[in-house]
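Peer 1: My structure is below; once you've seen it, I'll send some questions.
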Amino acid sequence: MSGLNINDVSMTFELPNGGSVEALKNINLNIQKGELVSVLGPSGCGKTTLLNILAGFLAPTDGIINLNGEVVKKPSSERGMVFQQGALFEWMNVSKNIGFGPKMKGTPQSEIDEKVTELLDIVGLQDFADKMIYEMSGGMQQRVALARCLANDPDVILMDEPLGALDALTREKMQSLVLDIWKKTGKTIILITHSVEEALLLGERLIVMAPRPGRIHKEYNLPFAELGVGADLREIKRHKKFGPTRDEILNMIWNMEEEIMGRAES
Amino acid sequence: MINSITPITASISNFFWFNMPEGSEVAGLLSTTIWMVFGIAIIFIIYMIFSAASWVIHKFFIDSRNKAKGYTSLKTVTFGDESAVVANRFASVASVVAIFFFWGLATGSSLLGPIQLPAPFLGKTSFEYTAEDSYGKRDKGTVNLLVHTFNDKPKLEKADNSMSGFAKNSAIKVRERRTALLSAKKIGAKETEGFNIIEINGQPISRNEKINFGNGEVLLTSKGSMQIRPYAGMTMEALYLPAPEDVWKSFLKLNKEGYTNVGLWENVFWSLIRVILGFSLGCLFGIPLGFAMGLSNWFRGWFDPIVEFMRPVPPLALIPLIIIWFGIGEQGKISLLFLAALWIMTIAARAGVSGVNISKVHAAYSLGATKKQLLLKVILPNSLPEIFTGARVAMGVCWGTVVAAELVAAEKGAGKMIIAASKFQLTDIVIIGIIIIGIIGFAIEVLMRKAESRLIPWKGRG
Ligand SMILES: Nc1ncnc2c1ncn2[C@@H]1O[C@H](COP(=O)(O)OP(=O)(O)OP(=O)(O)O)[C@@H](O)[C@H]1O
Ligand SMILES: [Mg+2]
């Protein structure tokens, strides 16, 4: 079987006070190679937990995950991860950060240099190769994080709110960049976001999760990502299906939040 | 109620031997402290007055010419903004100058030219006394006083007694700031009963009273002797505090000839080399230990009791034990410094490892790093800022500890030099030693800070 298969995955956290949290319950999902999947859901519905399991940082209490037929058990460079912030190595400059993965594998330096130059070009940081991380803005740092992940040529890229800490304008540029990279490299990308618009723009498939227990609530197949490649994203937002879909999902999440609040009060 | 408590207190006092301090002892302690508050406050106030004066000079003569430049000058909110507070160079220089000024003033330094506190009286002076013997007869005598400096040994001219009655003329020499006692017998009393001094320079005096004779004062003691105190001035004696220029001269001499056959810089070298060796040993073992404690439950548990126990024990408290174990040789001192540095470095390295952002660890693993690579390429560099902070603290502690250890037992070293000099009351050498110890401690700190900003520029910007 090719692609990423999530079979009946559940995750229960035992709490120190004796209780437990069902962060995920019976998640089933098949993701084809090259798909761009966005995941949306109210806070605490298990998005990060799911991504950590996919990355191999956590073992699910139940269920199994396959990537191209192999069971996922621990982190590996086939599954790259882009974090919200703070995961770059600030004691290295931009090039060294990007070349970290290949270097760990013992790739010859000349090859690493070539790869780094190419990636700097893709993320638009040609002139910043020798800058230190703390000299870069938040948006630039996320470009470095993306490039660092791509340097390993992973099968799947996992992103946990990668653009969450950026301002609106920078965010829009980065959204275009993600679409570009997706198209250029043909990678499978799973992206968690809190922004409904971002989920619509960056998801061929959009998965809405619901909390308590964390589960898949609804799935959409959307045209916007394909349309958005190389196009003006503001144009896409004026697409006649964009607005109604956004409102529908917003309502859905709003209701879930209401329900949580109601439950918490009673 | 009291009855039920008494057996308990009794059994406690059987167990602990603790003599309740007397009320007067405690009161003495408190009153000393309160007097110190006044003393300290006065010193502070004088120093602050100087500071204020310097500030006025700076404000009206210097500041107006050099306007602040850069980003800070554009800030409208600076009070409370920590980053806008930088040490004013003028103030620092003025404060050091003020300290030297006070030093010179207190010691009557010639560097200050005409600005001098009254100096003690030196040279010849005299006064006249009137004595009355047991028959009520009166006679006058003269006391010639020769006041000389600490190091002088002048010859004294004998007093001329060819013309006098029963009250003899006498000549005595006194060191500056000291007193001389002239008993009744020495000035001609046959028997002390009934012999009384009744006037000094014509002014009547009775026992336990003082009379000023111009260049000093005479106190008539309860036994009828004259205690003569030439005017002591307001400056300090070189024995307590030598003048700056004298210290400088001794420094030049010390620099050239050393003290007790050991050169000044040889002493400093020995102290420094001990610090460097002890500190290096501490790093060599402390950093791996800290890493082990940061990475493994077992090692954390195994070493936690020792580290947590040893951390609050000041290294100085170990000196006696170290001397008992190792004697006064080098091994003891290096061991002491090793122990001083070890716990600090262990705790710093442990904090560095524990402080690594979990995202960085996750990122490294999903970029294909092995455990060993993670340790060397992520955890180690990530903990460098903490380790460096620890190293700075450890160096400071080691420097203080080595001096203290040398005070107790050493053959060479900065601490040894000052303790040896203090035994012969060579205050100038003691002061030179203290200044050099201070300067070197400061230099170590500055070097460490420079190295830090060089080696780990990302510190605090992660
Ligand atoms: N290590 C843990 N121990 C106990 N409970 C946990 C742990 N990690 C997550 N949880 C719980 O699991 C649930 C899902 O958490 P998760 O972080 O996956 O949510 P999320 O969807 O990523 O939320 P957000 O949108 O706020 O990031 C939450 O209720 C959380 O309290
Ligand atoms: Mg999350």
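Peer 1: I'd like to check which helices (runs of 4 or more DSSP H) are fully inside the range B:303-410 and have at least 3 residues that are within 14 Å of chain A (Cβ to nearest Cβ).
Peer 2: B:358-366, B:371-374, B:380-408
Peer 1: Pairs please, first residue from the range A:39-65 and without any contact (Cβ under 8 Å) to a residue 24 or more places away in the chain and farther than 16 Å from A:LYS218 by Cα, second anywhere and of a type outside the set (S, T, N, Q) and more than 9 Å from ligand 2 (Cβ to nearest atom), Cβ atoms under 7 Å, 6+ apart in sequence or on different chains.
Peer 2: Final answer for the pair search is A:ASN52/A:LEU58; A:GLY56/A:VAL72; A:GLY56/A:LYS73; A:GLY56/A:LYS74; A:GLY56/A:PRO75; A:GLY56/A:ARG79; A:PHE57/A:PRO75; A:PHE57/B:HIS362.
Peer 1: Then there is this: Picking from B:ALA159, B:ALA131, which residue would you name as being over 30 Å from B:PHE50 (Cβ atoms) and either touching a His at 6+ places or on another chain (Cβ under 7 Å) or assigned to a loop (DSSP other than H, G, I, E, B) (or both)?
Peer 2: B:ALA159
Peer 1: Here's a follow-up. If I go through the range B:362-407 residue by residue, how many of them are touching a strand residue (DSSP E or B) at 6+ places or on another chain (Cβ under 7 Å) and surrounded by fewer than 18 Cβ atoms within 10 Å (Cβ to Cβ)?
Peer 2: Summing the residues that are touching a strand residue (DSSP E or B) at 6+ places or on another chain (Cβ under 7 Å) and surrounded by fewer than 18 Cβ atoms within 10 Å (Cβ to Cβ) in the range B:362-407 gives 0.
Results for (1) among the aromatic types (Phe, Trp, Tyr); (2) within 30 Å of A:THR49 (Cβ to Cβ); (3) in contact (Cβ under 8 Å) with a residue 40 or more places away in the chain, shown as yes or no for each residue.
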site: A:LYS74; (1), (2), (3): no, yes, no
site: A:GLY86; (1), (2), (3): no, yes, no
site: A:PHE100; (1), (2), (3): yes, yes, yes
site: A:GLU111; (1), (2), (3): no, no, no
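Peer 1: While we're here: Is there any pair linking a residue in the range A:12-30 that is in contact (Cβ under 8 Å) with a residue 12 or more places away in the chain and of a type in the set (Ser, Thr, Tyr) to one that is more than 9 Å from ligand 1 (Cβ to nearest atom) and part of a strand (DSSP E or B), with Cβ under 9 Å and at least six apart or on different chains, and which?
Peer 2: A:THR12/A:LYS25; A:THR12/A:ASP62
Peer 1: Please determine, by comparing only the residues of the range B:249-298 that are hydroxyl-bearing (Ser, Thr, Tyr) and modelled with pLDDT of 90 or more, which one is nearest to B:ALA391 (Cα to Cα).
Peer 2: B:SER280
Peer 1: Residues that are within 14 Å of chain A (Cβ to nearest Cβ), at pLDDT below 90 and assigned to a helix (DSSP H, G or I): does the range B:454-462 have at least one?
Peer 2: yes
Peer 1: Determine, yes or no, whether A:LEU24 is surrounded by 16 or more Cβ atoms within 10 Å (Cβ to Cβ) and away from chain B (no Cβ under 14 Å).
Peer 2: So A:LEU24 fits the description; yes.
Peer 1: Can B:VAL446 be described as at pLDDT 90 or above and away from chain A (no Cβ under 14 Å)?
Peer 2: In short, yes.
Peer 1: Within the range A:167-178, can you find the residues that are without any contact (Cβ under 8 Å) to a residue 60 or more places away in the chain and part of a helix (DSSP H, G or I)?
Peer 2: Matches in the range A:167-178: A:ALA168, A:LEU169, A:THR170, A:ARG171, A:LYS173, A:MET174, A:GLN175, A:SER176, A:LEU177, A:VAL178.
Peer 1: Could you figure out which of (1) within 16 Å of ligand 1 (Cβ to nearest atom); (2) buried (at least 18 other Cβ atoms within 10 Å of the Cβ); (3) farther than 28 Å from A:ASN66 by Cα isn't true of A:GLY164?
Peer 2: Among (1) within 16 Å of ligand 1 (Cβ to nearest atom); (2) buried (at least 18 other Cβ atoms within 10 Å of the Cβ); (3) farther than 28 Å from A:ASN66 by Cα, A:GLY164 violates only (2).
Peer 1: I would also like to ask the following. For the range A:105-125, which residues satisfy the criterion of being within 20 Å of B:PRO381 (Cβ to Cβ) and either of a type in the set (S, T, N, Q) or under 23 Å from the mean Cα position of the chain (by Cα) (or both)?
Peer 2: Within the range A:105-125, A:GLN109, A:VAL116 qualify.
Peer 1: Does A:GLY41 satisfy being out of contact with any helix residue (DSSP H, G or I) (no Cβ under 9 Å at 6 or more places or on another chain), within 9 Å of ligand 1 (Cβ to nearest atom), in the same structural domain as A:GLU161 (by TED's automatic domain parsing) and within 15 Å of A:ILE207 (Cα to Cα)?
Peer 2: So A:GLY41 fails the test.
Peer 1: Answer with yes or no whether A:SER95 is hydroxyl-bearing (Ser, Thr, Tyr), outside any loop (DSSP other than H, G, I, E, B), touching a helix residue (DSSP H, G or I) at 6+ places or on another chain (Cβ under 9 Å) and within 16 Å of ligand 1 (Cβ to nearest atom).
Peer 2: In short, no.
Peer 1: Taking the range A:75-104 as the region of interest, how many residues are charged (D, E, K, R) and more than 8 Å from every other protein chain (Cβ to nearest Cβ)?
Peer 2: Number of matching residues: 3.
The values are calculated or read from the model by the stated rules, or taken from the named source; none is laboratory data. What you see is a predicted model; the values in this text were computed from it and never measured. Positions of Cβ are generated from backbone atoms using ideal geometry, with glycine treated the same way; all protein chains shown enter the neighbour counts.
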